[in-house]
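S.K.: One structure coming up, written as structure tokens, with questions to follow.
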Amino acid sequence: MNPLLSSLQPYPFERLKQLFSTVTPNPAYAPISLGIGEPRHATPQLVLDALAKATAQLAAYPATAGLPALRESCVNWIQRRYGLKLDAATQVLPVNGSREALFAFAQTVIDPTREAVVVCPNPFYQIYEGAALLAGAQTYYAPSDPALNFNVNWDNVPADVWAKTQLLFVCSPGNPTGAVMPLSDWEKLFALSDQYGFVIASDECYSEIYFREEAPLGGLEAAAKLGRNDFKNLVAFTSLSKRSNVPGMRSGFVAGDAHILKQFLLYRTYHGSAMSGMVQAASIAAWDDEAHVVANREQYRQKFASVTPVLETVMDVRLPDAGFYLWAAVPGGDDVAFARDLLAQYNVTVLPGSYLAREGQGLGGANQANPGAGRIRMALVADTAECLEAAQRIVAFIKNTHS
Ligand SMILES: Cc1ncc(COP(=O)(O)O)c(C=O)c1O
């Protein structure tokens, strides 16, 4: 067996299952889960129709590089969304959702024959860690700072860590924090990437769900604003899962540095991760249509506008920049006990923030408090009425137990 497998941590939902294994939820309430961040709004009909029309595609092996028409759709979307003109032949590549792509990307760019560090935000999407460890790298966790709208203070990462860094994961809008990284941070990271030679993987799968007027700044957009039109050492990861409510379709794309994408395509050819032709056809329909995305965003906006003020009366929580999570501080500060007791008393599932983060910002996660501790993540993916009901139960729970 690959010995690196034993370095993988239990996934947060495994830990949650373990925590809840001894809890009997109050049967007086119907269960409501705000635990899993899986989109639950309806899949647009135009995607279903396109899938149904494309069954003939099943008769042929798809190419790993994807259909030219899909690559065109992706670059056209980038042009509409960010005002950038990319080359469909070399600067974009379809992937089977961003999860597999984030993982495979680390395997492609990391050179394990040299000391390798992967810098991750903390808390973070758990795939970054597994991808880094299985590629033979060490992780360095850079904590999100509540004083910086939950962004990372990149100045706190020591130079000797940057010197060994081969890959940096950026997640903007962030999961779980919802924070959008400002241009000044991008500028700093590009300068560090130039100085130390590391690659930046920009995970942007929540980019289309936002609550401010201005759409979140994308990594490629930031690069272009700073005159980096070749996107040197930068690859952005975009997904249809949340944008178009198709988490089961497994479709997204990566875009950016053509030299890196050439190597990534080579890796993927052997990895066997070509996207089904049927899914490609449905993806073209999804990328080409913006009306369903606007409607989806409006649905989240209304939901967050009704749920957030209810929770604000009892806990430290506010409307995020983007994404579909609330990242709230719990009264009393024990996120694990909060999640356990909330389930027991009110049959509402939330995810303890400490499960999404690691103790420590040092190499391997040494010697610092867990930046997710004392917070919970609530995924507002169910319909508004259900999310509102959950919020009201949380208010009652906090009033009963914490005041
Ligand atoms: C931050 C982040 N990145 C990537 C993904 C993967 O999404 P997908 O593989 O559906 O594109 C998720 C899914 O929840 C996520 O939260």
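The values are calculated or read from the model by the stated rules, or taken from the named source; none is laboratory data. Everything numeric in this text was worked out from a predicted model, so none of it was measured. Note that we place each Cβ from the backbone using ideal geometry, even for glycine, and neighbour counts take in every protein chain shown. For the accessible areas, the whole protein counts, side chains as well, though only heavy atoms, and no ligand, DNA or RNA atoms are used. Shrake-Rupley method; radii C 1.70, N 1.55, O 1.52, S 1.80 Å.
S.K.: Could you please state, rounded to a whole Å, how far the C-alpha centre of the range 252-274 is from the C-alpha centre of the range 31-100?
M.R.: 15 Å
S.K.: Can you give me the distance in nm between label points at A385 and Q299, each placed 7 Å from the Cα along the Cα-to-Cβ direction?
M.R.: About 1.5 nm, to one decimal.
S.K.: What shape does the range 24-95 take by its C-alpha gyration tensor, where a ≥ b ≥ c are the square roots of the eigenvalues and a/c under 1.5 counts as rounded, a/b above b/c as prolate, and the rest as oblate?
M.R.: prolate
S.K.: Next up: Just need the relative contact order of the chain here, percent rounded to a whole number, with Cα pairs under 8 Å and 6+ apart.
M.R.: Normalised by residue count, the contact order of the chain is 25 percent.
S.K.: Another one. Quick one: accessible area per residue over the range 212-335, 1.4 Å probe, rounded to a whole number of Å²?
M.R.: 38 Å²
S.K.: Now, a different point. What number comes out for the charge environment of A291, summing +1 per Lys or Arg and -1 per Asp or Glu over other residues with Cβ under 13 Å away?
M.R.: -2
S.K.: Could you give the nm distance between label points at A60 and E290, where each point is 7 Å from its Cα heading toward the beta carbon?
M.R.: Placing both labels 7 Å along Cα→Cβ, they lie 3.1 nm apart.
S.K.: State whether the range 254-388 is rounded, prolate or oblate according to the following rule on the C-alpha gyration tensor (a ≥ b ≥ c being the square roots of its eigenvalues): a/c under 1.5 gives rounded; otherwise a/b larger than b/c gives prolate, and the remaining case gives oblate.
M.R.: Verdict is oblate for the range 254-388.
S.K.: Also, I was wondering about something else. Projecting each Cα onto the charge dipole of the chain (Lys/Arg +1, Asp/Glu -1 at the beta carbon, about the Cα centre), which of A223, P12, F190 comes out farthest on the positive side?
M.R.: It is P12.
S.K.: Which residue fluctuates the most in the chain, going by a Gaussian network model with Cα springs under 10 Å, if the choices are E38, E389, E213?
M.R.: Top of the fluctuation ranking is E213.
S.K.: Leaving out ligands, DNA and RNA, and with a 1.4 Å probe, what % of the accessible surface on the range 247-403 is carbon or sulfur?
M.R.: Within the range 247-403, the accessible surface is 53 percent carbon and sulfur.
S.K.: Let me ask something else about it. Determine the gain in length on full extension of the stretch A42-Y11; use 0.36 nm per residue of separation and subtract their C-alpha separation, reporting nm with one decimal.
M.R.: Contour length minus the Cα-Cα distance gives 8.5 nm.
S.K.: Keeping all protein chains in place, calculate the accessible area per residue for the range 1-105 (probe 1.4 angstrom), answer in Å².
M.R.: 58 Å²
S.K.: If you wrap a convex hull around the C-alpha atoms of the chain and split its volume per residue, what is the figure in Å³?
M.R.: 147 Å³
S.K.: May I pose another question? Specify the residue with the greatest mean-square fluctuation among R114, R268, R243, computed from a Gaussian network of the chain linking alpha-carbon atoms under 10 Å apart.
M.R.: Per the Cα network of the chain with a 10 Å cutoff, R114 tops the list.
S.K.: Tell me which trypsin sites (Lys or Arg not before Pro) from the range 276-333 have a DSSP coil assignment and no more than 15 other beta carbons within 10 Å of their own.
M.R.: Within the range 276-333, the qualifying trypsin sites (Lys or Arg not before Pro) (loop, at most 15 other Cβ atoms within 10 Å) are R318.
S.K.: If you don't mind, another one. What value, in deg cm²/dmol to 500, does the helix sum -39500 (n - 2.57) over DSSP H runs of n ≥ 4 give at 222 nm once divided by the residues of the chain?
M.R.: -12500 deg cm²/dmol
S.K.: Which of the lysines could be linked to K232 by a straight reach, that is with a Cα gap under 17 Å, when you skip same-chain ones fewer than 8 residues away?
M.R.: K85, K188, K262
S.K.: Hey, any idea what % of the range 127-216's accessible area is carbon plus sulfur with a 1.4 Å probe?
M.R.: 50 percent
S.K.: Just to verify a number: what accessible area does T313 come out at with the full protein assembly present, 1.4 Å probe, Å² rounded to tens?
M.R.: That residue has around 100 Å² of solvent-accessible surface.
S.K.: Give the separation of the Cα centroids, the range 316-356 to the range 103-152, in Å.
M.R.: Going from one Cα centre to the other spans 24 Å.
S.K.: Calculate, in whole percent, how much of the Cα-Cα pair population of the range 222-284 lies beyond 16 Å.
M.R.: 57 percent
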